[in-house]
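Colleague: Please read through the structure below; I'll follow up with questions.
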Amino acid sequence: MRTHGWGGRVPVNDEEAVARILAAARETIDREGAGTGLADVARTLGVTRQTVYRYFGSTEELLAATAFDAVGALLDRIETRLRGITEPDTAVVEGLVVCLAELAEDEYVGLLLRADRLSVPVVGEITSEAGRQFARSMVDRMDVDWVGAGYRFAEIEDIVEIVLRTLQSMILDPGEPLRSADELRVFLDRWVGAAIRALPSRVSAARR
């Protein structure tokens, strides 16, 4: 491990080094915004670019790691805004509206998903296992009694994928002109809400 820089306090191991790089990345994003690059983070940390490259091979990789590190805080904000919504279709539609609004404002996760940062690898990551874990956590945190409402495991997994692919679609192409929050709710209710409402009845029909 290099011993120069690091504000005079060298990390004791790679885990601490990564944690401090991510903290510096958040600090730099707060200051520089969307134009943040790996060299900016290195300057904030007081190390050379080569030191940061040891842990992250590119600006995109560093921003992705910063975003992943901030997912928990994003989910906490979404959960707070969905508290008390117990109807499955309403919760999912509102969850999508809230998530898209939070991503538009989020300086870490949202930064990676803005138009000037989107790329084929980034788009692919939306439906990766990490993306599924995000959508699954979002659904799990809703104040919905999924089992009591007639949804079994397979149907809940369908809902997770519906949430994920809807987010992917809306991030890639939000549509023109942009819908207001209320217009988006109406649109998503027709598209997603209808699918959520149909799932338990589909299960019942399949058993008959």
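Colleague: Part of a loop (DSSP other than H, G, I, E, B), open to solvent by less than 50 Å² (accessible area, probe 1.4 Å) and at negative phi: is that true of residue 78 in this structure?
Modeller: Working: part of a loop (DSSP other than H, G, I, E, B): no; open to solvent by less than 50 Å² (accessible area, probe 1.4 Å): yes; at negative phi: yes.
Considered against the rule, which asks whether it is part of a loop (DSSP other than H, G, I, E, B), open to solvent by less than 50 Å² (accessible area, probe 1.4 Å) and at negative phi, residue 78 comes out as no.
Colleague: Within the range 31-58, take every residue that is open to solvent by less than 30 Å² (accessible area, probe 1.4 Å) and of a type in the set (Ser, Thr, Tyr) and give me the one that is nearest to the chain's Cα centre (by Cα).
Modeller: 36
Colleague: Pairs please, first residue from the range 139-158 and under 14 Å from residue 197 (Cα atoms), second anywhere and assigned to a loop (DSSP other than H, G, I, E, B) and open to solvent by 60 Å² or more (accessible area, probe 1.4 Å), Cβ atoms under 6 Å, 6+ apart in sequence or on different chains.
Modeller: So the pair list comes out as 144/86.
Colleague: Taking residue 85 as meeting all but one of (1) open to solvent by 20 Å² or more (accessible area, probe 1.4 Å); (2) modelled with pLDDT of 95 or more; (3) among the aliphatic types (A, V, I, L, M); (4) over 19 Å from residue 148 (Cβ atoms), write down the number of the exception.
Modeller: All conditions are met except number (4).
Colleague: Say we look at the range 40-67 and pick out the residues that are of a type in the set (Phe, Trp, Tyr) and not in a helix (DSSP H, G or I); which of these is nearest to residue 11 (Cα to Cα)?
Modeller: Keep residues of the range 40-67 that are of a type in the set (Phe, Trp, Tyr), which gives 53, 55-56.
In the following step, the residues that additionally are not in a helix (DSSP H, G or I) were identified as 55-56.
Values: 55: 13, 56: 16 Å.
This residue is 55.
Colleague: Do you know which residues across the range 107-128 are part of a helix (DSSP H, G or I) and either at pLDDT below 65 or under 22 Å from residue 192 (Cβ atoms) (or both)? Break it down stepwise before answering.
Modeller: Initial filter on the range 107-128 (part of a helix (DSSP H, G or I)): 109-112, 120-126.
Selection gives 109, 110, 120, 121, 122, 123, 124, 125, 126.
Colleague: Restricted to the range 66-82, and to residues that are modelled with pLDDT under 90 and more than 20 Å from residue 101 (Cβ to Cβ), which residue is farthest from the chain's Cα centre (by Cα)?
Modeller: In this case the residue turns out to be 69.
Colleague: Quick test for you: out of 91, 104, 25, 70, pick the one residue that is part of a helix (DSSP H, G or I), over 30 Å from residue 187 (Cα atoms) and not β-branched (Val, Ile, Thr).
Modeller: On the way: 91 fails: over 30 Å from residue 187 (Cα atoms); 104 fails: over 30 Å from residue 187 (Cα atoms); 70 fails: over 30 Å from residue 187 (Cα atoms).
Just one listed residue meets the conditions, 25.
The values are calculated or read from the model by the stated rules, or taken from the named source; none is laboratory data. Just so we're clear, the structure is a prediction, and the values are computed from it rather than from any experiment. Note that we place each Cβ from the backbone using ideal geometry, even for glycine, and neighbour counts take in every protein chain shown. To get the accessible areas, we keep the full protein, side chains included, count just its heavy atoms, and leave off ligands, DNA and RNA. Shrake-Rupley method; radii C 1.70, N 1.55, O 1.52, S 1.80 Å.
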